[in-house]
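What follows is a single structure, written as structure tokens, with notes after it.
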Amino acid sequence: MKKQFLLALIALVWMGCGNSHERLLTSATGSIYECLVVTPVNSAAKEAVCTLMGADMYGLPQMEPYFTVSSVTTTQFDDLFKSSRNILIVDIDGHKYTQVKLLKSRDMWSKPQALIRIQAPSDEAFLDYWQEYGEAVREWFVREELARQGSFYRASTNKEARAVLNKAGYDMLIPEDYVVVESKKVKVTNDQSPMTNDSVSVLWCCNNKGPMRKDVVVWWYPYTSQSQFDHEAIVSMRNEVLGLLVSAQVPGSHMGTEYKHFPPVTRSVYALRDTTGGFYGMETRGLWKMLDGEAMGGPFVSLTRLDQVNARVVTAETFLFAPGQKKRNATRQAEAILYTLQMPNERK
């Protein structure tokens with residue numbers, strides 16, 4: 001027994017020594033899409049950074065910021081604040097720096113944590129840099145949040161929905177609390193797409209729990225031309241597909257896209273945490289509304305990608321209905337699902 005006890009004690013000591021190099025990080029504080037800005041006292045950087053980080057997010061029916069911003073001075077930034085979820089530090093010192101430099105890191109003082117430090121020799125040098133690259137900095141923080149959320153979905157997914165996608169060669173981490181509404185083919189006649197009168201395969205899932213409804217729809221169809229990734233073709237196809245799928249209680253009502261107040265916008269995007277900046281897909285963001293029926297609407301985000309193996313165009317979209325509620329966080333959380341979409345050559 002003494003020998004067994006001694007061996008067990010040696011094993012514990014060895015295990016402890018083996019992990020001595022690992023840091024124990026506390027859990028990050030703050031909610032999703034909150035950012036702490038740290039700037040020198042009386043620096044013009046504070047207003048510029050807070051204004052951009054807290055600007056109104058496009059594609060929401062009411063004004064909500066990209067980030068809920070709080071700020072402290074460099075001298076106030078102590079251990080209490082170092083556990084914040086997202087931190088943007090502006091370090092201005094003419095004695096230490098001769099040019100502007102940006103440093104990015106993750107999990108510096110807590111986990112999960114995203115941190116950017118921008119070093120500059122003067123306020124003027126920083127402001128010039130921020131005017132050119134500020135939106136890219138904000139986008140990095142957004143995509144860090146999307147990546148975290150996507151990893152969270154891996155723990156519990158809808159097996160039925162993933163089986164439908166797997167059969168077609170795809171995969172996406174649709175959460176377990178979404179239910180499959182429909183899985184079928186629909187016929188479309190689309191002037192913007194060369195794929196006229198062909199069938200489109202559709203998977204429609206919905207989370208209708210609580211006061212907010214969240215839907216995820218994935219559809220795929222033959223690829224025939226690069227023009228299918230143009231803004232007009234993408235929006236036209238969503239109107240065709242979702243116009244056939246989604247209706248309200250008023251007979252003849254169907255889903256469409258809002259063009260007058262917040263017209264949809266499309267941009268090319270790259271994969272989350274991609275370091276090459278290579279093309280990934282087309283993101284379209286805007287507002288949906290019901291046509292010829294009830295006054296219903298809300299935000300939508302779609303991601304359109306190319307399946308090179310099967311020569312198909314694949315679009316995954318999420319849209320929300322939550323009258324009278326804030327929608328930023330819920331929209332971003334649902335948007336993160338889209339970025340878990342995998343093509344046949346990406347699946348493991």
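The values are calculated or read from the model by the stated rules, or taken from the named source; none is laboratory data. Given the structure is predicted, the values throughout are model-derived calculations rather than measurements. Here the Cβ positions follow ideal geometry from the backbone for every residue, glycine too, while neighbour counts run over all protein chains shown. Surface areas here come from the heavy atoms of the whole protein model, side chains and all, with no ligands, DNA or RNA. Shrake-Rupley method; radii C 1.70, N 1.55, O 1.52, S 1.80 Å.
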Q.
Quick check on this structure: which one of Thr29, Thr51 is β-branched (Val, Ile, Thr), touching a residue at least 40 places away in the same chain (Cβ under 8 Å) and open to solvent by 40 Å² or more (accessible area, probe 1.4 Å)?
A. Thr29
Q: Answer with yes or no whether Ser43 is at pLDDT below 95, in contact with a helix residue (DSSP H, G or I) (Cβ under 8 Å, 6 or more places away or on another chain) and open to solvent by 10 Å² or more (accessible area, probe 1.4 Å).
A: yes
Q: Would you check if Leu102 is of a type in the set (A, V, I, L, M, F, W, C), open to solvent by 40 Å² or more (accessible area, probe 1.4 Å) and not in a loop (DSSP other than H, G, I, E, B)?
A: yes
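One line per residue, one yes/no per condition, for (1) touching a strand residue (DSSP E or B) at 6+ places or on another chain (Cβ under 9 Å); (2) at pLDDT 95 or above; (3) part of a strand (DSSP E or B); (4) crowded, with 16+ Cβ neighbours inside 10 Å:
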| residue | (1), (2), (3), (4) |
| --- | --- |
| Val69 | yes, yes, yes, yes |
| Gln76 | yes, yes, no, no |
| Ile87 | yes, yes, yes, yes |
| Lys96 | yes, yes, no, no |
| Ile116 | yes, yes, yes, yes |
| Glu124 | no, yes, no, no |
| Gln131 | no, yes, no, no |
| Phe141 | yes, yes, no, yes |
| Val164 | yes, yes, no, yes |
Q: Could you tell me whether region 145-157 includes any residue that is free of Cβ contacts under 8 Å to residues at least 40 places away in the same chain, in a strand (DSSP E or B) and either open to solvent by less than 40 Å² (accessible area, probe 1.4 Å) or touching a strand residue (DSSP E or B) at 6+ places or on another chain (Cβ under 9 Å) (or both)?
A: yes
Q: Kindly provide the set of residues from region 166-187 that are open to solvent by less than 60 Å² (accessible area, probe 1.4 Å) and either closer than 15 Å to Ala336 by Cα or touching a His at 6+ places or on another chain (Cβ under 9 Å) (or both), ordered by number.
A: Asp171, Met172, Leu173, Ile174, Pro175, Tyr178
Q.
Go through (1) part of a strand (DSSP E or B); (2) under 22 Å from Ser268 (Cα atoms) for Lys214 and report which single condition fails.
A. (2)
Q) Is it the case that some residue within region 249-266 is at pLDDT 95 or above, small (Gly, Ala, Ser) and in contact with a helix residue (DSSP H, G or I) (Cβ under 9 Å, 6 or more places away or on another chain)? A) no
**Q.** Residue pairs meeting the criteria (Cβ under 7 Å; at least 6 apart or on separate chains; first within 10 Å of Ala161 (Cα to Cα), in region 174-188; second among the hydroxyl-bearing types (Ser, Thr, Tyr))
**A.** Ile174/Thr157; Pro175/Tyr153; Pro175/Ser156; Pro175/Thr157; Glu176/Ser156; Glu176/Thr157
